[in-house]
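The values are calculated or read from the model by the stated rules, or taken from the named source; none is laboratory data. Computed from a prediction, not measured in an experiment: that's the story for all the values here. In this analysis, Cβ positions are derived from the backbone assuming ideal geometry, glycine residues included, and neighbour counts consider all displayed protein chains.
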Amino acid sequence: MATDDRSELNAYRRALFAPEDELLRELMPAAEQLGLPRISVNPEAGKALHVLARAVGAKKILEFGSLAGYSGLWLARALPAGGKLITLEANAKHAEVTRANFAKAGLADRTEVRVGRAEELLPGVRAEAPFDLVFIDADKENYPKYLDFALPHVRLGGLICADNADGHGHAHESLAADDPRRGIQEYNARVASHPRLTSICLPFGGWLAVSLVVAPA
């Protein structure tokens, strides 16, 4: 009887469908050496975001949480000439690393890193709407607030995506009242049942929740 070696099968899938170029492959190890946490999306999630952005013809993308720019690179590379990715990052050091990586990728002309807490930045971001795609990968307790912003500011036919929908492996559990992952649980429940959205969860990496806006606000 043949052995079901999932690690080899997963390696095959990643190598074939989500190969990383040198910049993507070295980005997070280099960021880790600078003291950043190695918590970015995995290659499959990055490629999924890229494909989804291209599928909806995204020209304007908003990202919550830059880290070192790994997911932002996948998204920005999906943009056409004249497109724009705005990424919000609370940590100034992370923002600096992200800007450097965008420049290294030749994407400085279509990316903008804004530094500060999201609630302080969103009034300015509102003027940039509507967005074709919003990607959420920031502080987990505030996922519902970021969804509140995205819903009226993503166009009909656009996408709202969120990483870590698995709640770091605990989304299915009863969590303490002060556990920030409760924000992910609330987010998941809302996008799964919201009348303006049709949603699916792609179960790779930290799970990617993908919601299509199917009804106007």
Only listed residue being part of a helix (DSSP H, G or I) and farther than 15 Å from residue 208 by Cα, chosen from 24, 52: 24
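Among the listed residues 102, 64, which satisfies the condition of being closer than 20 Å to residue 21 by Cβ and either surrounded by fewer than 23 Cβ atoms within 10 Å (Cβ to Cβ) or of a type outside the set (A, V, I, L, M) (or both)?
Every option except 102 fails the conditions.
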Checked the stretch 101-126 for anything outside any loop (DSSP other than H, G, I, E, B), aliphatic (A, V, I, L, M) and in contact (Cβ under 8 Å) with a residue 12 or more places away in the chain; matches are 113, 115, 118, 121, 122, 125
Condition check: within 26 Å of residue 55 (Cβ to Cβ) and either surrounded by fewer than 21 Cβ atoms within 10 Å (Cβ to Cβ) or in contact (Cβ under 8 Å) with a residue 12 or more places away in the chain (or both). Does residue 176 satisfy that? no
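Out of curiosity, is residue 129 at pLDDT 95 or above and part of a helix (DSSP H, G or I)? Spell out how you get there, then give the answer.
Details: at pLDDT 95 or above: yes; part of a helix (DSSP H, G or I): no.
No: the conditions fail for residue 129.
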